[in-house]
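Chemist: Take this structure first; my questions come after.
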C-alpha cells in the first residue's frame, strides 16, 4: 500500500514538474515571438527612413544635422552589439524621426506633397504597431516573470537556466504620454 502511494506521489510530482516546465517554455517562446513582432515593425520603419530623408533633404536644408543624425542612428540600431544597445538606439531614432516630422509639418509645401503625406501616415502607423507590439511583449514578460516566481516553477527555472526578462520600456516617450500634449493659444 505504501509503495503504491509513493509511486502515485512520485508520478504526480513528475507530472507537475513536466507541466510546469512546459508552461515556462511556452511563456518563454511567447516572449520570443513578441520580440520578433517588434523586430518586424522596426524593420518596416527602417525601410521608410531612407525615403523620408531623401524627400526632406530638399525642404529641410537647415536641418541637415538632424537628418544626418537619423541616418547615423539607423545604422547604430541595425549594427548594435547587444539588444539593449539596439533598443536604446531605436528609442532615440524614433524620437528624432518624430522631431523631424514635426519640423517638416511646419512647411506648407510638404502638406501638398502626396509622397510626404503617405510617408508620414506610414511612419505613424508603424509607430502605432510598434507600441502595440511593445504592450504585447510587456504582457508576455509580466506573465512569464510571474510564472518564474511561483512554486514549483522557481525551482524548475533554475534547473533549466531560465531567468527573468526585462520589460520593453517606452523610454523618453513615457512622460509625454502620461502628461498629454500641452496646447497653448
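Chemist: Here are some residues: 156, 119, 137. Which one is closer than 23 Å to residue 24 by Cα and within 25 Å of the chain's Cα centre (by Cα)?
Modeler: 137
Chemist: Output the number of the condition that residue 154 fails; it satisfies all remaining conditions of (1) more than 24 Å from residue 14 (Cβ to Cβ); (2) without any contact (Cβ under 8 Å) to a residue 60 or more places away in the chain.
Modeler: (1)
Chemist: Given the criteria within 26 Å of residue 157 (Cα to Cα) and out of contact with any strand residue (DSSP E or B) (no Cβ under 9 Å at 6 or more places or on another chain), does residue 26 qualify?
Modeler: Here the answer is yes, as residue 26 does meet what is asked.
Chemist: Out of curiosity, is residue 111 in contact (Cβ under 8 Å) with a residue 24 or more places away in the chain and loosely packed, with under 14 Cβ neighbours inside 10 Å?
Modeler: no
Chemist: Select from the stretch 114-135 the residues that are over 21 Å from residue 37 (Cα atoms) and without any contact (Cβ under 8 Å) to a residue 40 or more places away in the chain and list them in ascending order.
Modeler: Scanning the stretch 114-135 gives 114, 117, 118, 120.
Chemist: Then there is this: Is one or more of the residues making up the stretch 27-50 surrounded by fewer than 16 Cβ atoms within 10 Å (Cβ to Cβ) and farther than 24 Å from residue 135 by Cβ?
Modeler: yes
Chemist: So, one more: Filter the helices (runs of 4 or more DSSP H) completely within the stretch 112-179 down to those with at least 3 residues that are modelled with pLDDT of 90 or more.
Modeler: Because the criterion is at least 3 residues that are modelled with pLDDT of 90 or more, the helices (runs of 4 or more DSSP H) in the stretch 112-179 that meet it are 114-149.
Chemist: Looking at (1) in a helix (DSSP H, G or I); (2) more than 16 Å from residue 38 (Cβ to Cβ); (3) at pLDDT below 90, can you tell me which one residue 81 breaks?
Modeler: Every listed condition holds for residue 81 apart from (1).
The values are calculated or read from the model by the stated rules, or taken from the named source; none is laboratory data. Since the model is a prediction, treat every value here as computed from it, not as a measurement. Positions of Cβ are backbone-derived with ideal geometry, glycine not excepted, and every protein chain shown enters the neighbour counts.
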